[in-house]
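Accompanying notes for the structure given below.
The values are calculated or read from the model by the stated rules, or taken from the named source; none is laboratory data. Please read all numbers here as calculations on a predicted model, not as lab measurements. Cβ coordinates were reconstructed from backbone atoms using ideal geometry, including for glycine residues, and neighbour counts include every protein chain displayed.
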Amino acid sequence: MRRVATHLIYSVGYEAMNMRDLAAGINRKPGSLYNYFKSKQDLLYSIIEEHMVLVIAAAEDAIDPADAPLKQLKDFIAFHVNYHLDKREILYVVTSELRSLTKANRAKIIKYRQKYEAILTGILDRGKEAGDFSVFHTKLVTFSILAVLTSVSNWYRYTGILSMDDIVAAHTDLILNGVRDGKGV
């Protein structure tokens, strides 16, 4: 049900998506959907929350805590780019429909987002402490790195001249040059 709802929201937006279309997409009667979710808002929240739980767990699995911060950063970059290219629909819904959540639900999701951001901030802090990275303001650098990496899903096309590995390598070089250049940000 969440997969079909995600596709509908991706296709027409949260406001335009209706429960009748969702019911038709999963061969159910519209009224039966309320056995699973109290409202369309609850459905949207559950979609976004489920994604956030999964992406945090996947990111934590992609980073070996025993590795040096440089390796962890490389692994984080590869994970983030690949994940965002593989999951374009859900990521579009998560980023574009955050505004459609109630204030209380949005606050809960922001806490998840902060936990995800903390993974990268922790890597940068450890790299700074080890002398591997020259960053003055790790939170600012975290936001910048995430913005650059996340934007790949907006423009990358599998039919282009660059492979996903090429994109990961280019972004890894870009980010490593930025955090290791000795000037600090």
Test: S151 is part of a helix (DSSP H, G or I), of a type in the set (G, A, S), surrounded by fewer than 18 Cβ atoms within 10 Å (Cβ to Cβ) and free of Cβ contacts under 8 Å to residues at least 40 places away in the same chain: yes
Going through (1) under 26 Å from S11 (Cβ atoms); (2) at pLDDT below 95; (3) β-branched (V, I, T); (4) surrounded by fewer than 17 Cβ atoms within 10 Å (Cβ to Cβ) one by one, I161 fails only at (1)
Suppose we filter A68, A104 for residues that are of a type in the set (G, A, S), exposed (fewer than 15 other Cβ atoms within 10 Å of the Cβ) and without any contact (Cβ under 8 Å) to a residue 12 or more places away in the chain; which single one remains? A104
Residues in the stretch 120-142 that are within 14 Å of A68 (Cα to Cα) and of a type in the set (A, V, I, L, M) total 4
Here the residues within the stretch 154-182 that are in a helix (DSSP H, G or I) and aliphatic (A, V, I, L, M) are M164, I167, V168, A169, A170, L174, I175, L176, V179
Does I90 fit the bill of being part of a helix (DSSP H, G or I), touching a Lys or Arg at 6+ places or on another chain (Cβ under 6 Å) and under 26 Å from Y158 (Cα atoms)? no
Based on this model, can you work out whether E60 counts as touching a residue at least 40 places away in the same chain (Cβ under 8 Å), part of a loop (DSSP other than H, G, I, E, B) and more than 12 Å from the chain's Cα centre (by Cα)? no
Of all residues in the stretch 112-148, which are in contact (Cβ under 8 Å) with a residue 24 or more places away in the chain, in a helix (DSSP H, G or I) and polar (S, T, N, Q)? T142, S144
Looking at L54, L33, L73 in this structure, which one is without any contact (Cβ under 8 Å) to a residue 60 or more places away in the chain, surrounded by 18 or more Cβ atoms within 10 Å (Cβ to Cβ) and among the aliphatic types (A, V, I, L, M)? L33
Across the stretch 5-28, which residue is nearest to S100 (Cα to Cα) among those that are among the β-branched types (V, I, T) and buried (at least 16 other Cβ atoms within 10 Å of the Cβ)? I9
For residues in the stretch 114-148 being crowded, with 17+ Cβ neighbours inside 10 Å and of a type in the set (K, R), which is farthest from E60 (Cα to Cα)? K128
For the stretch 17-51, give me each residue that is part of a helix (DSSP H, G or I), of a type in the set (S, T, Y) and either modelled with pLDDT of 90 or more or within 18 Å of V94 (Cβ to Cβ) (or both). Y45, S46
